[in-house]
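The values are calculated or read from the model by the stated rules, or taken from the named source; none is laboratory data. Just so it is clear, the model here is predicted, and its values are computed rather than measured. All Cβ positions, glycine included, derive from the backbone under ideal geometry; neighbour counts span all protein chains shown.
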Amino acid sequence: MNSSKNSVNWLSFAPAVFVGLWATGFIGSRLSAPYAEPLSFLSIRFAIVTVLFVLISLAFKAKWPTPRVAMWAVVIGCFTQGGYLGGVFWAIYYGMPAGIAALITALQPLLTAMLAGIILGEKTGWKHWTGLMLGLFGVALVVWPKLSFASIGITPVTLGVTFMATMSITLGSIMQKKFLAVIDLRVGNALQFAGGGMVVFAVALMSENFNITWNGDVIFAMVWLVFVLSLGAVSMLFLMIRHGEVSKVSSLFFLVPAVTAVIAYFLFDETLGLIQLVGMVVCSAGVLLVTRKAG
């Protein structure tokens, strides 16, 4: 009787751990960007992660799904891994300022709330919408000092790719909740990273030369992104989606730019001003409003 209760006790601390881990992904991307083409780097990362999850699934004799469920897992991976990560990495590599990319991708919780209400029937009351708007406003405050609207990297193509990436993770998260509620997480991750890998590899073959300089920064970034992000944070995200409302889980993404700014302050001596600190408080208030239980 206690095992059922203990099985979801992790939900109380999972959001904080997830946000912290997910934020480090942007730091890892920053380390590899000067030395590796984005989709080539992601192709190798996804291939390693896929093999690791297959080996883990075999070692623990995980149950493999029916062909129909497996197909959905691959398709969802094309969105959540290939479309989202591939799009963001590509746009930033080709000049999209990270601050503006963060603002665009911060639309994801709002889009998810809208579509989750239509597709999944999740209720979104006024507190939910108020919290989402607060979160978006907080993100704007956090990234505002670093925005560069004069950047030559802001083009219709990079803007379009960033919006595409945002829609990809939005749709992928909703499909994850709708179609993969019972799949073994280890097998599901293997199939999803395989799907995402096929997308980025296909585009890399058409547009890149797989130029990667394997120095200390790139190797560290690869190891960190594979083990901490792909095996850790992504698995935690999917577990939270499975056990909670997808619109509430998505609101956690509002906190990622703030945590990333704090990490960059300590690791790269980046500035962290009063307006950003205020933005962090606003983000936290918005997420709290969205995720707190009624009553």
Which residues, taken from the stretch 105-120, are surrounded by fewer than 18 Cβ atoms within 10 Å (Cβ to Cβ) and in contact (Cβ under 8 Å) with a residue 60 or more places away in the chain? G117, L120
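Every residue, every condition in (1) over 30 Å from I44 (Cα atoms); (2) among the basic types (K, R); (3) at pLDDT below 95; (4) in contact with a Leu (Cβ under 9 Å, 6 or more places away or on another chain), yes or no:
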site	(1), (2), (3), (4)
I183	no, no, yes, yes
F220	no, no, yes, yes
W224	no, no, yes, yes
F227	no, no, yes, yes
L239	no, no, yes, yes
E245	yes, no, yes, yes
V249	no, no, yes, yes
L274	yes, no, yes, no
M280	yes, no, yes, yes
Number of positions in the stretch 52-72 that are over 20 Å from the mean Cα position of the chain (by Cα), surrounded by 15 or more Cβ atoms within 10 Å (Cβ to Cβ) and part of a helix (DSSP H, G or I): 5
Output the number of the condition that S250 fails; it satisfies all remaining conditions of (1) in contact with a Ser or Thr (Cβ under 8 Å, 6 or more places away or on another chain); (2) within 20 Å of S29 (Cα to Cα); (3) of a type outside the set (V, I, T); (4) in contact (Cβ under 8 Å) with a residue 60 or more places away in the chain. (2)
Can you run down the residue pairs with Cβ atoms below 9 Å, 6 or more apart or on separate chains, where the first is in the stretch 21-45 and part of a loop (DSSP other than H, G, I, E, B) and the partner is buried (at least 21 other Cβ atoms within 10 Å of the Cβ) and aromatic (F, W, Y)? A33/F41; A33/F89; Y35/F41
Tabulated pairs, the stretch 159-184, first touching a residue at least 40 places away in the same chain (Cβ under 8 Å), second of a type in the set (K, R), C-beta under 7 angstrom, 6+ apart or interchain: A181/R242; D184/K63
Working carefully through the options V49, V75, V88, find the one that is more than 14 Å from the chain's Cα centre (by Cα) and either among the charged types (D, E, K, R) or buried (at least 18 other Cβ atoms within 10 Å of the Cβ) (or both). V49
Just one of (1) in contact with a strand residue (DSSP E or B) (Cβ under 9 Å, 6 or more places away or on another chain); (2) crowded, with 22+ Cβ neighbours inside 10 Å; (3) of a type in the set (A, V, I, L, M, F, W, C); (4) modelled with pLDDT of 95 or more trips up A36, so point out which. (4)
Are there helices (runs of 4 or more DSSP H) fully within the stretch 227-290 with at least 1 residues that are surrounded by fewer than 17 Cβ atoms within 10 Å (Cβ to Cβ), on the phi > 0 side of the Ramachandran plot and polar (S, T, N, Q)? List them. none
If you go through the stretch 62-103 one residue at a time, how many are of a type in the set (A, V, I, L, M) and modelled with pLDDT of 80 or more? 12
Among the candidates V187, V203, V223, V182, single out the residue that is more than 16 Å from the chain's Cα centre (by Cα), of a type in the set (A, V, I, L, M, F, W, C), assigned to a helix (DSSP H, G or I) and over 17 Å from F53 (Cβ atoms). V203
One residue from S235, S207 being more than 22 Å from I104 (Cα to Cα), among the hydroxyl-bearing types (S, T, Y) and modelled with pLDDT under 90: S235
